[in-house]
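See structure below.
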Amino acid sequence: MSSPTTPAATTATLDYNGKSLSLPVITGSEGEVGIDISQLRAKTGAITVDPGFGNTGACRSSITFIDGERGILQYRGYPIEELAEKSSFLEVAWLLINGELPSAKQLTEFEQLISIHTMVHQDFNRFFEGFPKDAHPMPVCAAAVGALATFYQQPETEQNLRESVIRLIAKMPTIASYSYKHSIGQPSMYPQNKLDYSSNFLHMMFATPCEDYVVNPVLAKAVDMLLILHADHEQNCSTSTVRVVGSSRANLFASISAGISALWGPLHGGANQQVIEMLDAIEAEGGDVQKFVNKAKDKKDNSRLMGFGHRVYKNFDPRAVILKKSCMDVLNTLGIKSRQLDIAMQLEDIALKDDYFISHKLYPNVDFYSGIIYKALNIPVNMFTVMFTLGRMPGWIAQWLEMHKDPDTRIVRPRQIYTGATKRPYIPMNQR
Ligand code: ACO
């Protein structure tokens, strides 16, 4: 198959079974190139095979751009480094959902709208009570977000959709903190609408009816920045899940609930919990970092270096660079000496010089340092992936809305290459 070597080529040619097929080439605004194979099966009878969809562009999107080779991440054209430093999470949420940065008036109105929708229906308390005490907060959050669809069953008009968007962003910190409070047997705390988004979340996590919690602005700022870094990441596993479920015209709450379940997996958002568990295990075994690196390289051993490697980033993950610095800043500001940070830095140092990690293009990803910051902020380990969920919410919403409005959207229905038994007669039970 001839493939275009420059973005200027407008067609690619596929030779198959003695026939030559011209395939259109699509070029994105940052020069990304895709070969449109949508007519391939109709014209040749063949399909493409791409396990894990590593080479498959499932949609056109104008939300997030990633260049994995150059370590570039942009939301709506704005570099992640600038947004992390200068913006707020709610401003970034607006940007992702609406396509442009908000004016001061739009942002104030958005913040006010979010702050008045933070409460969940009182009946939700009964819902949380039904879960076992040791329930992991991720499936609880997935179930709770899915259950929002039972409380808001209006037809999907533009106005109702706008309200669903506000409700999801506003109620997510409340749902997240309720799932935590339930797991430790404490009463859930009502939101305080005078607090900003991240401070309100910390209040609901750590205040009790007996004791106020004074939010440290340094911690609230760190949480806000972490949420910005997680806000979107184009067609990753959970976002693709949201789009796949939404392509059947399932509603926003149901689609996002499915995305939360996908995010929970240890190869995706669940890796931040695994990183801390890995660092703890290394420490418990005497702190021999090299031994763990050797295990991660050994094909006979199932261990991987959690928080290392990425499907798209093959040079560095820009979010990990920001997080490493922020991690050190937060620990310094709080005067915390972290053994886990020491081990993580040793691990990174050894891995980045190791031929295996160099040749496999494995670098720290967003999950490598985020867990250490969460620990410093007193966020319990099983809540780490929930923090990721809070951050990813506007990205999932923006992607779902984009898919919903795109006239090219079709229900997602991949094909397969069948490798099972060929047609054969049924064998009666007494002859088996
Ligand atoms: N440690 C050791 N080896 C690794 C690691 C790792 N963390 N990651 C990949 N490899 C190796 C694989 O063994 C494989 O080696 P081989 O080609 O010699 O057989 C090769 O690198 C390619 O690995 P794949 O699993 O095919 O790469 P893929 O792109 O499918 O997976 C993933 C990417 C899931 C992120 C992987 O790197 C991984 O498991 N990392 C650890 C988990 C993690 O940190 N996940 C968070 C990702 S960020 C996020 O989702 C928010």
Electrostatic dipole magnitude of the chain [Cβ: Lys, Arg +1; Asp, Glu -1; Cα centre; debye, to 20]: 1560 debye
Mean Cβ count within 10 Å, highest first, over the residues of peptides 208-214, 135-141: 135-141, 208-214
Above-threshold pairs, the threshold being 31 Å between Cα atoms, out of K297/K325; K194/K405; K300/K337; K43/K405: K194/K405; K300/K337
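Given a Förster radius of 45 Å and the C-beta distance between A284 and S248 as r, what FRET efficiency does 1/(1 + (r/R0)^6) yield to the nearest 0.05? If you can, show how the numbers build up before the last one.
Values: r = 46 Å, r/R0 = 1.02.
The formula returns an efficiency of 0.50 here.
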J(HN,Hα) series, segment 322-336, from Karplus relation 6.51 cos²θ - 1.76 cosθ + 1.60, nearest Hz, glycine and proline x: 5, 5, 4, 5, 4, 4, 5, 4, 4, 5, 5, 4, 7, x, 9
Nearest-0.05 FRET efficiency for D50 and N98, computed from C-beta distance (R0 25 Å): 0.15
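Do you know the relative contact order of the chain, to the nearest whole percent, from alpha carbon pairs under 8 angstrom that are 6+ apart? Present the calculation step by step, with values, prior to reporting the outcome.
Working: 559 pairs, mean separation 81.2, N = 432.
Dividing the mean separation by the residue count of the chain yields 19 percent.
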Spacing of the two label points (7 Å from each Cα toward its C-beta) at Q192 and E109, in nm: 2.9 nm
Degrees separating the helix 384-405 axis from the principal Cα axis of the chain, which is the longest one: 50 degrees
Backbone HN-Hα couplings from phi across segment 261-270 [Karplus 6.51/-1.76/1.60, Hz, Gly and Pro as x]: 4, 5, 5, 5, x, x, 7, 10, x, x
Charge dipole magnitude, Cβ of K and R +1, D and E -1 - segment 183-243, Cα centre, debye nearest 20: 80 debye
Selection of trypsin sites (Lys or Arg not before Pro), segment 265-347, meeting DSSP coil and at most 10 other Cβ within 10 Å: K299, K300, K337
Principal semi-axes in Å for segment 315-365 [√(5λ), Cα gyration tensor, largest first]: 24, 13, 5
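Looking at segment 213-249, which trypsin sites (Lys or Arg not before Pro) are in a loop (DSSP not H, G, I, E or B) and have at most 14 other Cβ atoms within 10 Å? Write out the running numbers ahead of the final one.
On the way: sites: K221, R243, R249; in loops: R249.
Answer by residue number: R249.
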Net +/- balance of residues flanking S188 in space, Cβ distance below 11 Å, scoring K and R +1, D and E -1: 0
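Readers should treat all values here as calculations from the given coordinates under stated rules, not as data from a laboratory. All values derive from a computational prediction rather than experimental measurement. Every residue, glycine among them, receives a Cβ derived from its backbone with ideal geometry; neighbour counts consider all protein chains shown.
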